[in-house]
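Comments concern the structure below.
The values are calculated or read from the model by the stated rules, or taken from the named source; none is laboratory data. This one's a predicted model, so the numbers in the text were calculated from it and none came from an experiment. As a convention, Cβ positions derive from the backbone with ideal geometry for all residues, glycine included, and neighbour counts pool all protein chains shown. The protein model used for the area step is the full one, side chains on, heavy atoms only, and it has no ligands, DNA or RNA in it. Shrake-Rupley method; radii C 1.70, N 1.55, O 1.52, S 1.80 Å.
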Amino acid sequence: MIRISRALAAATAAGLALAACSSGGTTAAPTSAGTATVQPTGQTAKGDGTLTIGSVLPQTGSLAYLGPPEYAGVDLAVKEINDAGGVLGKQVVKIHTDSGDTTTNIASQSVDKLLAQKADAIIGAASSSVSESIIDKITRAGVVQFSPANTSDTFTTIKDDGLYFRTAPPDKLQGRVLGDLVVADGDDTVGILAMQDSYGTGLADQVTQTAEAGGAKVVQRVDYDPKAAEFSADVAKIKAANPKGIVLIGFDETAKVVAELVKQGLTTDKYKWYMVDGNMSNTNYLKMPKGTLKGVKGTIPGAAAPEAFQKRLLAVNPKLTNYTYAAESYDAAILIALAAEAAKDDAGTAIGAKLVDVSKGGEKCKDFKSCDELLKAGKDIDYDGVSGPVDFNDAGDPSVATIGVYQYGADNKYNAAKALEYRKGDISG
């Protein structure tokens, strides 16, 4: 079912009355997460007074390298919230679980665990496909699902009863930036190797559209099975087309794709390679010969993690070497807490109804403590986060976002703290 608007979806759900809300109690009907609130037809379940934030983030699987910065972002936010007095006068409870990836059922089991422990909001998953597999279970329980890293365009229109949000921008913006980058680099012929799932195919579609609108031609596109044992036939198709630029869209299986590209002579001294947030890793390619990725460019949604913010993250996890989606995870937890304060209720439906409001339109503030003080003074707030202004639209997407362009050095690593450039864009544009 495609959602026409959050208000309409919430109104439909209100007529059905949704049971088993996050913190227990009576039957609840979800309200709109947009600016117009839909009044429930029945009695609304109230929270239990303790905001419980769960996480379903990758400890294992194809995106495990993204886990540490995402967990650190949540941990730092909860620490700062609790240091400022907590939410509704009580300390926030956090419960971390593993999302695994689409080859396992770990995420579903983790959600069951979190719902049993009365989670009011769940941060995750990182993978768009994993989030698609658990969104119904979460939102039907009246719990907010808030991803720091989902970029699939699918979530803009997915049925979510007004309870799904994300701080990462949809792929249409990243795809536009990457397509423009390929054209700007003079690659008038392009080959695309994309993993076959909602993330890979959606992003590949946008790159194709943008690159071809800019005058380039996609001479070969291969949507591959990320679970395949090897990728020789897929790479051979790209080699036969002989493109100037090669776009790689995937997760950690990209290391196998890279090895095959090198084996077949499609090296970076002869072709230009491009990557995306799902495979821009500083760990997956370290065992390869130095220079394998030299000059490779890639895009990652999100503004730079400020140095001061990185230091705060290192205080909760001194082993961090990658900050991808740390800011988005931090902002997710802060926004959830502020929405609970604004609603004076920790129930998931109450939080969902206030998330848009606390993200825009009021007095600007940049941390939980100052924002909470404004709320307690009866003022409307506009939280501007570390990841950007956020400013949710009615679909739960950030309306404005930033994409960073990074480049690998001879050591097969990119400087996560320094982009070649940042490009900002309106999501609706």
With every protein chain in place, region 71-219: carbon and sulfur % of accessible area (1.4 Å): 48 percent
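What accessible area per residue comes out for region 324-429, rounded to a whole number of Å², with a 1.4 Å probe? Display every interim value, and only then the final one.
Details: 3750 Å² over 106 residues.
Ligands and nucleic acids excluded, the result is 35 Å² per residue.
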Estimated inter-spin distance, residue 269 and residue 201, nm [label 7 Å along Cα→Cβ]: 3.9 nm
Among the DSSP beta bridges whose two residues both lie in the chain, what percent are antiparallel, rounded to the nearest 5? 30 percent
Which residue, chosen from 414, 388, 97, occupies the Cα position most advanced towards the positive end of the dipole of the chain, where the dipole is computed from +1 (Lys, Arg) and -1 (Asp, Glu) charges on Cβ about the Cα centre? 414
Averaging over every viewing direction, what projected area does the convex hull of the Cα atoms of the chain cover, in nm²? 18.8 nm²
Cα-derived Rg to Rh of region 81-178, Kirkwood definition: 1.01
Range of Cα positions in region 205-300 per principal axis (Å), largest first: 38, 28, 27
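In region 376-429, carbon and sulfur make up what percent of the accessible area (probe 1.4 Å)? Mind dumping the intermediate values first?
Values: 1170 of 2380 Å².
Result for region 376-429: 49 percent of the exposed heavy-atom area is carbon or sulfur.
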Tell me, what HN-Hα J-couplings in whole Hz come from the Karplus equation 6.51 cos²θ - 1.76 cosθ + 1.60 at θ = phi - 60° for each residue of region 290-299, using x for Gly and Pro? 4, x, 4, 9, 4, x, 5, 10, x, 10
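Counting only heavy atoms of protein chains, what accessible area per residue, in Å², does region 44-98 have with a probe of 1.4 Å?
Working: 1760 Å² over 55 residues.
Averaged over the residues of region 44-98, the accessible area is 32 Å².
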Förster radius 30 Å - calculated FRET efficiency between residue 104 and residue 316, Cβ distance, rounded to 0.05: 0.65
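Would you mind getting the accessible area per residue of region 150-300, heavy atoms of the protein chains only, 1.4 Å probe, in Å²? Could the numbers behind the result be given before it?
On the way: 5370 Å² over 151 residues.
Per-residue accessible area for region 150-300 comes out at 36 Å².
Roughly how big is the chain's charge dipole about its Cα centre, with Cβ charges of +1 (Lys, Arg) and -1 (Asp, Glu), in debye to the nearest 20? Display every interim value, and only then the final one.
Working: 43 positive and 51 negative charges, 128 e Å.
For the chain, the charge dipole is close to 620 debye.
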